[in-house]
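Asks: Got a structure for you, questions after.
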Amino acid sequence: MAGADHPALTALADALVAGGVETVCLAPGSRSGPLALALSRHSGLEVTVHLDERSMGFFALGRAKASRAPVAILTTSGTAAANLMPAVVEAAHGQVPLIVLTADRPPEAQGVGAPQTISQTRLFGDQVLGAWEIFADALADATQSLFPAYITARALAVAQGAPMGPVHINLPLREPLFATAKVSAQTSPQLLWGTATTAPTRPTVGAAEARLAGRRGLVVAGPLPAHVHGRPLLHLAKTLGWPILVDPLSQLRTGPGQGAARIAHYDLFLRDQEVRQQLRPEVLLMAGQAPISAALLRTLSEWQDVPRVWLADTATWPDPALGEGLVVPGQLGLAAAALAGRIRQRPDRIWSERWQMADQAAWQEVLGASQGPLSELSTVLTLRTALGAGRPLVVGNSMPIRDLDATWPVGGRLVEIFANRGASGIDGVTSTALGVASSGTHPTLLIGDLSFLHDQSALLTARRLGLSLRVVLIHNDGGGIFSMLPQVAAPEFETVFGTPHGQSFQELVLAWGGSWQRVATRPGLRQALSRPAASRGVDVIEVPSERRANLLGHQALWQEAGGRALAAIGEVRSRV
């Protein structure tokens, strides 16, 4: 077995593999060198090497999301470790199991001006589920070589518990870093742990049933972590006879609906106050994280007094509206199945039809808006029709994910959609997409120009690792989402919020070894998307957009969709 110079580090690597880790991402560094060798020599680990720690963190995040397995990250000491913070924060809020390993200087080097030395013991604070430090003596003394493996196994158990999330192990290493130790072979400890399969208790399910039965209700399926399967929610919604609002990151919007009344375009018609009044439920059944849609979040706040039942498979309660509710703890599928098994009621078809008619009316407006010149909205729908079977979609934050949420209809081929909505930052999105690509898939990335600029080093990662990624790049020369906010009227808007950069993406992409083309029409975009993706490298399709025109297009769609949905609801009411 590799890593004989440091038996403790070999045992640590064994413990990672025993705990389900298959991939390690590392960046070059001296202090981390002994562990880097132990990991890279281990036959059970795939190791990828990265030049930028911040980008590496998001790459590991994407790999963990796509593979549904914990991914380990290794950095050297100092700011190299600090550069992982954005990815750790996203992993914490997105419930992604990352095992963060940071090499460190020994205690005697702390506080005396030693280079590349910062306080790392609690570097990530409460953004990690657990933090441990393996003392330098335990790493140097062969008789203590099992202790690092024990800590690693314990950290993996926490990272894959409920909720899942990142953990941190800090490893102070003394020089000489590569001294040889003569030891006899030892066996790494193995700890066993369960998964989040706890079924809810009968009294809790009974209390939830009492709240739900016989009422006009609404199911809200927000984003679900990659390891949580939400399909039982569709069966529960069908059993209740209630409409179910399906966030694209719930993974319930595409593919078959199991007979449930899935609603997709709520972000458009819930902006209308009268529509909200007509569709006000008597009870809410909620699952998943906070929805993407700002209109839905505002509506839930407006309905703060509507009682809620939460299906929560984690310790979190993601309800920014702070509504009064009953939490049904336990694994989501088991909780949904338990409720569906108890519900006995006749579906209120009129109630469900109101929501469905409003949704269909908004969809007709979306179709109409997409028939004009190529826009940010019509780019989403063009991408939908061109996306190949089995190709996941990674979506950037700010406008791309919001436009997808508002316009992407239910049904069609099953598409797995990824986005960093835990903390919703624009950093590291391209690296996350490359992490998804490294799992053996061929994803497409929909991203805005500022976010793409933020992660330029990912282009080098793609070239170095031989990964393929198609990018649909919305280029409006700045922060398009700010045009939707009140500060658009400020005299300083362009300088402070619009932030035009004037960057030529052709030069940037070609310089990093990728391919690039610009399209300005819907037929041109369809043709570009129909081409086979390159087997290696980043293939960028740039779609130009003008922020002012984009704002007017959105405002028109909101107004028309709300009015048309209200008329559709009125038609249903007139038949009663």
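The values are calculated or read from the model by the stated rules, or taken from the named source; none is laboratory data. Small disclaimer: the values here were computed from a predicted structure and weren't measured. With ideal geometry, Cβ positions are generated from the backbone for all residues, glycine too; neighbour counts draw on all protein chains shown.
Asks: For region 78-122, how many residues are in contact with an Asp or Glu (Cβ under 9 Å, 6 or more places away or on another chain) and within 18 Å of Gly428 (Cβ to Cβ)?
Replies: Matching residues across region 78-122 total 11.
Asks: Count, please, the residues in region 509-532 that happen to be surrounded by 13 or more Cβ atoms within 10 Å (Cβ to Cβ) and touching a strand residue (DSSP E or B) at 6+ places or on another chain (Cβ under 8 Å).
Replies: 13
Asks: Can Leu101 be described as in a strand (DSSP E or B) and closer than 23 Å to Arg463 by Cα? Can you show your working first?
Replies: Details: in a strand (DSSP E or B): yes; closer than 23 Å to Arg463 by Cα: no.
So Leu101 fails the test.
Asks: Any idea which residue in region 392-413 is nearest to the chain's Cα centre (by Cα), counting only those that are surrounded by fewer than 24 Cβ atoms within 10 Å (Cβ to Cβ) and within 19 Å of Gln371 (Cα to Cα)?
Replies: The qualifying residue nearest to the chain's Cα centre (by Cα) is Trp408.
Asks: Give the number of residues within region 414-445 that are closer than 17 Å to His475 by Cβ and under 14 Å from the mean Cα position of the chain (by Cα).
Replies: From region 414-445, those closer than 17 Å to His475 by Cβ are 426, 429-430, 444-445; that's our starting set.
Of the ones still in play, those that are also under 14 Å from the mean Cα position of the chain (by Cα) are 426, 429-430, 445.
Selection size over region 414-445: 4.
Asks: Now for a different question. Hey, Lys238 hits all of (1) in contact with a strand residue (DSSP E or B) (Cβ under 6 Å, 6 or more places away or on another chain); (2) of a type in the set (Lys, Arg); (3) surrounded by fewer than 24 Cβ atoms within 10 Å (Cβ to Cβ) but one; which does it fall short on?
Replies: (1)
Asks: List pairs: first residue in region 442-468 and on the phi > 0 side of the Ramachandran plot, second residue surrounded by fewer than 24 Cβ atoms within 10 Å (Cβ to Cβ) anywhere in the structure, Cβ distance under 9 angstrom, at least six positions apart or on different chains.
Replies: Gly466/Ser535; Gly466/Arg536; Gly466/Gly537
Asks: Can I ask one more? Among the residues of region 488-520, write down those that are at negative phi and among the β-branched types (Val, Ile, Thr). Walk me through how you get there before you give the answer.
Replies: Kept after step one, since they are at negative phi, are these residues of region 488-520: 488-498, 500-501, 503-512, 514-520.
The answer is Val488, Thr495, Val496, Val509, Val519.
Asks: Continuing with this model, one more query. Looking at Ser145, is it on the phi < 0 side of the Ramachandran plot, surrounded by 18 or more Cβ atoms within 10 Å (Cβ to Cβ), at pLDDT below 85 and polar (S, T, N, Q)?
Replies: Values: on the phi < 0 side of the Ramachandran plot: yes; surrounded by 18 or more Cβ atoms within 10 Å (Cβ to Cβ): yes; at pLDDT below 85: yes; polar (S, T, N, Q): yes.
Against the criterion (on the phi < 0 side of the Ramachandran plot, surrounded by 18 or more Cβ atoms within 10 Å (Cβ to Cβ), at pLDDT below 85 and polar (S, T, N, Q)), Ser145 qualifies.
Asks: Quick check on region 427-461: of everything there that is among the aliphatic types (A, V, I, L, M) and over 29 Å from Glu546 (Cβ atoms), which residue is modelled with the lowest pLDDT? Even if it seems obvious, please write down each step before you answer.
Replies: Initially, region 427-461 is screened for residues among the aliphatic types (A, V, I, L, M), giving 429, 433-434, 436-437, 445-447, 450, 453, 458-460.
Among the residues that remain, those that are also over 29 Å from Glu546 (Cβ atoms) are: 434, 436-437, 460.
Numbers: Leu434: 96, Val436: 96, Ala437: 95, Leu460: 91.
The selected residue is Leu460.
Asks: Restricting attention to region 452-475, report how many residues are surrounded by fewer than 24 Cβ atoms within 10 Å (Cβ to Cβ) and farther than 19 Å from Leu387 by Cα.
Replies: 10
Asks: Looking at Leu9, Leu35, Leu39, can you tell me which residue is free of Cβ contacts under 8 Å to residues at least 40 places away in the same chain and either in a helix (DSSP H, G or I) or charged (D, E, K, R) (or both)? Write out each step before concluding.
Replies: Numbers: Leu9 fails: free of Cβ contacts under 8 Å to residues at least 40 places away in the same chain; Leu35 fails: free of Cβ contacts under 8 Å to residues at least 40 places away in the same chain.
Among Leu9, Leu35, Leu39, only Leu39 is free of Cβ contacts under 8 Å to residues at least 40 places away in the same chain and either in a helix (DSSP H, G or I) or charged (D, E, K, R) (or both).
Asks: Between a residue in region 379-402 that is outside any helix (DSSP H, G or I) and any residue that is surrounded by fewer than 19 Cβ atoms within 10 Å (Cβ to Cβ) and of a type in the set (Gly, Ala, Ser), which pairs come within a Cβ distance under 6 Å, given they are 6 or more apart or on different chains?
Replies: Hits for this filter: Asn397/Ser424.
Asks: Can you list the helices (runs of 4 or more DSSP H) found entirely within region 473-576 that contain at least 1 residues being without any contact (Cβ under 8 Å) to a residue 12 or more places away in the chain and of a type in the set (A, V, I, L, M, F, W, C)? Walk me through how you get there before you give the answer.
Replies: Values: elements: 505-511, 522-530, 547-574.
Passing ranges, in order: 505-511, 547-574.
Asks: Could you list, in sequence order, all residues of region 204-220 that are in contact (Cβ under 8 Å) with a residue 40 or more places away in the chain and within 19 Å of Pro347 (Cα to Cα)? If you could, list the steps in order and put the result at the bottom.
Replies: Start the filter on region 204-220 by keeping residues that are in contact (Cβ under 8 Å) with a residue 40 or more places away in the chain, which leaves 204-209, 211-220.
Matches in region 204-220: Ala208, Glu209, Arg211, Leu212, Ala213, Gly214, Arg215, Arg216, Gly217, Leu218, Val219, Val220.
Asks: Kindly indicate which of Val205, Val183 is in contact with a helix residue (DSSP H, G or I) (Cβ under 6 Å, 6 or more places away or on another chain) and modelled with pLDDT under 75. Working first, answer last.
Replies: Working: Val205 fails: modelled with pLDDT under 75.
The match here is Val183.
Asks: State the number of residues belonging to region 44-91 that are part of a loop (DSSP other than H, G, I, E, B), in contact (Cβ under 8 Å) with a residue 40 or more places away in the chain and small (Gly, Ala, Ser).
Replies: So the answer is 3.
Asks: Here is a further query. Which condition from (1) assigned by TED's automatic domain parsing to the domain that holds Leu236; (2) assigned to a helix (DSSP H, G or I); (3) not basic (Lys, Arg) is the one that Val328 breaks?
Replies: Of the numbered conditions (1) assigned by TED's automatic domain parsing to the domain that holds Leu236; (2) assigned to a helix (DSSP H, G or I); (3) not basic (Lys, Arg), the odd one out for Val328 is (2).
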